[in-house]
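Have a look at the structure below before the remarks.
Throughout, read-outs are computed from the coordinates displayed, never taken from laboratory work. Being a predicted model, the structure only gives us computed values, none of them experimental. Using ideal geometry, Cβ is built from the backbone for each residue, glycine included, and neighbour counts are taken over all protein chains shown.
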Amino acid sequence: MTNIKIKFFAKIKDDIGMNELNVSFKGVRTIKEILELIAEEHNIEILNRKNYMYAKNMEYCTLDTEVFDGDEIAIIPPVSGGKGNNITIKDNIIITKKKILAEEFVPQNIDSINGSIVTFYGVTREFNQNKKVEKLFYESYEEMAKNEIEQIILVIKDKWSIDNVIVIHRTGYVYPGEISMILIIRSKHRKEAFESSKFFVDELKKTVPIWKKEFFSDGTVWINDNKVE
């Protein structure tokens with residue numbers, strides 16, 4: 001008997017009404033075959049959702065991927081986005097439910113090696129699309145999110161001469177005026193620090209499994225899942 005775990009996030013978690021599901025079956029099946037069975041059993045559309053991706057054991061994969069005993073499968077809604085030798089002890093990735101206070105992450109150790117330190121703050125806006133935002137809710141597939149962030153760090157260290165990268169990202173409820181993310185990049189030159197910071201934020205929004213739900217007075221919406229509830 002093959003036993004696996006299916007994890008749900010963001011909009012599809014709301015639709016199916018659970019965070020995860022343990023599934024047992026005989027033989028070898030693909031992710032597509034398993035999701036077809038779940039969709040029929042729970043009377044929910046899964047496979048035809050636009051821009052959804054899938055992961056097996058925290059690595060992106062296709063619907064044709066075969067599943068074996070002990071595997072963990074994640075259904076990855078559109079995001080509001082392995083380790084290598086270039087990831088150093090100076091690099092730091094934090095995903096936290098605690099409120100982020102800017103003063104706690106202001107670079108303290110100014111050295112004579114790096115001529116540039118770029119710090120980016122992602123802050124919750126009070127208005128979006130002419131509607132007042134009451135709050136945001138961030139959800140993450142934390143282990144995979146950290147792996148994907150590490151991959152982005154590897155890429156920017158390969159493209160630019162970067163000394164170290166620090167990333168702090170919130171989960172849970174975040175209110176207007178509060179910080180949702182801090183990115184700090186140290187480099188010898190400002191051009192590389194600015195270019196790599198823009199690249200990092202753009203890539204994070206494409207590939208890192210962190211989702212954002214906006215709350216308005218007239219409903220809620222998962223960003224990039226489009227439907228207002």
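Some points to look at:
- In this label model, D158 and N57 are separated by 2.2 nm, measuring between points 7 Å along each Cα→Cβ vector.
- Net +/- balance of residues flanking D71 in space, Cβ distance below 12 Å, scoring K and R +1, D and E -1: 0
- FRET efficiency for the pair D14 and T119, taken as 1/(1 + (r/R0)^6) with r the Cβ-Cβ distance and R0 = 41 Å, rounds to 0.75.
- Among the listed pairs K7/K205; K132/K212; K13/K213; K98/K191; K97/K213, those beyond 22 Å (Cα-Cα): K98/K191
- Whole-percent P(r), the chain, all Cα pairs, 5 Å bins from 0: 1, 6, 13, 16, 16, 14, 12, 10, 6, 3, 1, 0, 0.
- A cut-off of 5 Å between modelled amide H atoms, ignoring neighbours fewer than 5 places along the same chain, links T2 with F25, K26, G27.
- Sequence-distant residues sharing a close amide H with I94 (under 5 Å, placed H): V167, I168, H169
- As a rough footprinting exposure proxy, the listed residues T220, T96 were ranked by other beta carbons within 10 Å of their own, and the order from fewest upward is T96, T220.
- Full extension of the chain segment joining K188 with N128 gains 18.0 nm, where the gain is 0.36 nm per residue of separation less the Cα-Cα distance.
- Estimated [θ] at 222 nm from DSSP helical runs (n ≥ 4, -39500 (n - 2.57)) normalised by residues in the chain, nearest 500: -7500 deg cm²/dmol
- Backbone phi angles across region 160-175, fed through the Karplus curve with coefficients 6.51, -1.76 and 1.60 (θ = phi - 60°), yield HN-Hα couplings of 10, 8, 10, 7, 7, 10, 10, 10, 10, 10, 7, 10, x, 7, 10, 9 Hz in residue order; Gly and Pro are listed as x.
- Highest average packing first - 63-72, 209-218, Cβ atoms within 10 Å: 209-218, 63-72
- Debye intensity ratio in log₁₀ form over the Cα atoms of region 92-222, taken at each q of 0.10, 0.16, 0.19 Å⁻¹: -0.34, -0.83, -1.09
- For region 2-76, the Kirkwood estimate of hydrodynamic radius, built from reciprocal distances between every pair of different alpha carbons, is 12.3 Å.
- Ranked by how many other beta carbons lie within 10 Å on average, peptides 152-158, 35-41 from highest: 152-158, 35-41
- Computed from backbone phi, the HN-Hα couplings of region 176-192 come to x, x, 8, 7, 9, 7, 10, 10, 10, 10, 9, 8, 5, 10, 5, 4, 5 Hz, rounded to whole numbers (Karplus: 6.51 cos²θ - 1.76 cosθ + 1.60, θ = phi - 60°; Gly and Pro given as x).
- Listed values for region 7-23 are Karplus-derived 3J(HN,Hα) couplings in whole Hz (6.51 cos²θ - 1.76 cosθ + 1.60, θ = phi - 60°), namely 10, 10, 9, 6, 4, 5, 5, 4, 5, 8, x, 7, 7, 7, 9, 8, 10, and x replaces Gly and Pro.
- In terms of other Cβ atoms within 10 Å, W160, W222 run from fewest to most in the order W160, W222.
- Reachable aspartates and glutamates from K159, criterion Cα separation under 12 angstrom, eight or more residues apart if same chain: E192, E195
- Label-point separation in nm, K135 to L37, each point 7 Å along Cα→Cβ: 3.9
- Extension reserve of the E103-Y173 stretch, reckoned as 0.36 nm per residue once the Cα distance is removed: 23.2 nm
- Relative contact order of region 92-222, pairs being alpha-carbon contacts under 8 Å that are 6 or more residues apart, as %: 39
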